[in-house]
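The next block holds one structure in the form of structure tokens; read it before the comments.
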Amino acid sequence: MLSSQQVIEAFTHPESTASFTLHQWNDLVFVLRHEKLLARFYLLLKEQGKTKFLPYNVQRHCKNAEILAAKQRSVVLCETQALKQAIGNDTPFLLLLKGAAYTLRDNNAALGRVFSDIDVLVPKNVISKVESRLAIQGWLSKELDDYDEKYYRQWAHEIPPMQHGTRGTVLDLHHNLVPVVSGKGIDIKKFVEVTQREVNGVLTLNDAGMFYHSTIHLFFNDDYSSAFRDMTDLWLLVRDQDEDFYHKLFTLCSDFGFKKESVIALYLLQLRYDVTLPDWVSCFVEESVGKMSAWEVKLLSRVTEPKHGLLLSGQRNVLNALAEARGHVLKMPIHILVYHTAMKLLRAIMKMVFGKHFFTKPTQQ
């Protein structure tokens with residue numbers, strides 16, 4: 001069986017796959033398809049002129065993944081312009097986040113990136129107006145029960161996901177980088193002012209801002225289902241960066257917080273992705289990690305590995321549960337966490353008894 005580190009090294013050192021058996025290649029294709037990274041792996045090999053290592057059947061799967069990624073890229077670019085036309089006049093800024101932003105910027109992290117949704121950031125004071133405008137343009141709120149609706153509206157950093165009625169595209173509309181209930185929301189206006197970069201009339205973050213946000217999204221969270229993909233995003237974002245990038249990154253950490261998340265990301269990239277950091281950054285990261293809980297760092301290292309039943313992975317379910325619990329503790333004060341957990345448990349029991357639609361809020365018309 002392949003190890004998680006062998007899968008990581010397939011990205012960082014593609015030549016390591018030259019000695020793979022057909023069975024190992026078969027497993028690698030299954031794992032990367034599951035992680036939505038098959039296109040990225042293939043494009044990295046093409047970039048380095050190393051596709052000759054690929055068996056014929058593996059090339060076929062990789063090329064199909066490349067076609068799908070190219071199609072999604074085209075869809076995202078078209079949807080971005082549609083969003084600009086639909087809500088551009090209703091908000092002081094329209095800023096793309098995560099995968100859609102990588103694609104619009106066409107940076108390293110855009111390589112083979114695929115999407116489940118488009119993440120957009122707008123000011124909180126216009127989010128109701130923007131939501132109404134999107135509804136007129138065919139974007140419908142997904143069906144939610146009343147408690148989940150309340151959770152999004154009162155405690156989260158985004159409104160419920162919206163899906164276009166004909167095109168099927170899913171939109172996540174954010175007003176902050178972290179949940180409001182955490183008490184750690186940042187000054188979005190100031191953050192956008194110092195990190196924005198315009199592309200074709202739409203804002204994205206600069207390189208340091210992208211890395212900063214992606215580390216928060218990954219490590220100040222309770223969902224690690226796409227963590228390996230997110231780690232490869234971070235690896236590509238930091239690749240080829242000069243020292244100015246790190247100065248800007250740590251300035252953001254100083255001004256807006258969440259230094260721990262960036263430090264953990266840099267530590268894992270250095271440890272497992274063979275990223276070479278400037279000496280002063282490496283020393284700072286090592287010193288900072290030395291002050292953190294060793295079990296927490298080890299836990300995050302494990303849950304950001306590739307996940308699949310074909311891999312040697314150990315107690316994966318236990319680790320994921322611990323990481324999920326950690327994320328909930330980070331995002332919610334303890335009294336709200338206890339209330340939230342009790343409510344979710346009670347409502348799950350009632351749905352089992354009375355049916356899954358017992359609490360369902362009707363879909364927006």
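The values are calculated or read from the model by the stated rules, or taken from the named source; none is laboratory data. In this text, all values refer to a predicted model and were calculated from it rather than measured experimentally. FYI the Cβ positions are ideal-geometry reconstructions off the backbone, even for glycines, and counts take in every protein chain you see.
Whether any residue in the range 286-297 is crowded, with 18+ Cβ neighbours inside 10 Å, modelled with pLDDT of 95 or more and not polar (S, T, N, Q) is what I want to check. The answer is yes; a qualifying residue exists. Kindly evaluate residue 243 against the criterion of being surrounded by 19 or more Cβ atoms within 10 Å (Cβ to Cβ), among the charged types (D, E, K, R) and touching a residue at least 12 places away in the same chain (Cβ under 8 Å). The answer is no for residue 243. In the range 297-314 there is at least one residue matching the filter, namely being assigned to a helix (DSSP H, G or I), in contact (Cβ under 8 Å) with a residue 12 or more places away in the chain and among the polar types (S, T, N, Q). Residues that are of a type outside the set (Val, Ile, Thr), touching a residue at least 24 places away in the same chain (Cβ under 8 Å), closer than 16 Å to residue 240 by Cα and surrounded by 14 or more Cβ atoms within 10 Å (Cβ to Cβ) within the range 269-284 comprise 269, 273, 277, 278, listed in sequence order.
Of all residues in the range 78-103, count the ones that are of a type outside the set (Phe, Trp, Tyr) and more than 16 Å from the chain's Cα centre (by Cα).
We begin by selecting, within the range 78-103, every residue of a type outside the set (Phe, Trp, Tyr); these are 78-92, 94-101, 103.
With the extra rule that they be more than 16 Å from the chain's Cα centre (by Cα), the set shrinks to 78-92, 94.
So the count comes out to 16.
The number of residues in the range 120-155 that are modelled with pLDDT of 95 or more and within 25 Å of residue 214 (Cα to Cα) comes to 10.
The residue that is farthest from the chain's Cα centre (by Cα), counting only those in the range 104-141 that are among the β-branched types (Val, Ile, Thr) and under 30 Å from residue 67 (Cα atoms), is 120. Can you say whether residue 184 is in a helix (DSSP H, G or I), basic (Lys, Arg), modelled with pLDDT of 95 or more and in contact with a helix residue (DSSP H, G or I) (Cβ under 9 Å, 6 or more places away or on another chain), as far as the supplied structure shows? No.
May I ask you to verify whether residue 48 is among the polar types (S, T, N, Q), farther than 22 Å from residue 225 by Cβ, touching a helix residue (DSSP H, G or I) at 6+ places or on another chain (Cβ under 9 Å) and without any contact (Cβ under 8 Å) to a residue 40 or more places away in the chain? Yes, satisfied. Once the range 219-248 is narrowed to residues that are polar (S, T, N, Q) and part of a loop (DSSP other than H, G, I, E, B), the residue that is nearest to residue 178 (Cα to Cα) is 221. With respect to the conditions (1) under 21 Å from residue 11 (Cα atoms); (2) surrounded by 12 or more Cβ atoms within 10 Å (Cβ to Cβ), residue 309 falls short on a single one, namely (2). None of 65, 18, 70, 39 is in a helix (DSSP H, G or I), of a type outside the set (S, T, N, Q), at pLDDT 95 or above and surrounded by fewer than 18 Cβ atoms within 10 Å (Cβ to Cβ) except 70. Is it the case, given these coordinates, that residue 53 is within 20 Å of the chain's Cα centre (by Cα) and aromatic (Phe, Trp, Tyr)? Here the answer is no, as residue 53 does not meet what is asked. The residue that is modelled with the lowest pLDDT, among those in the range 307-359 that are over 30 Å from residue 3 (Cβ atoms) and of a type in the set (Gly, Ala, Ser), is 355.
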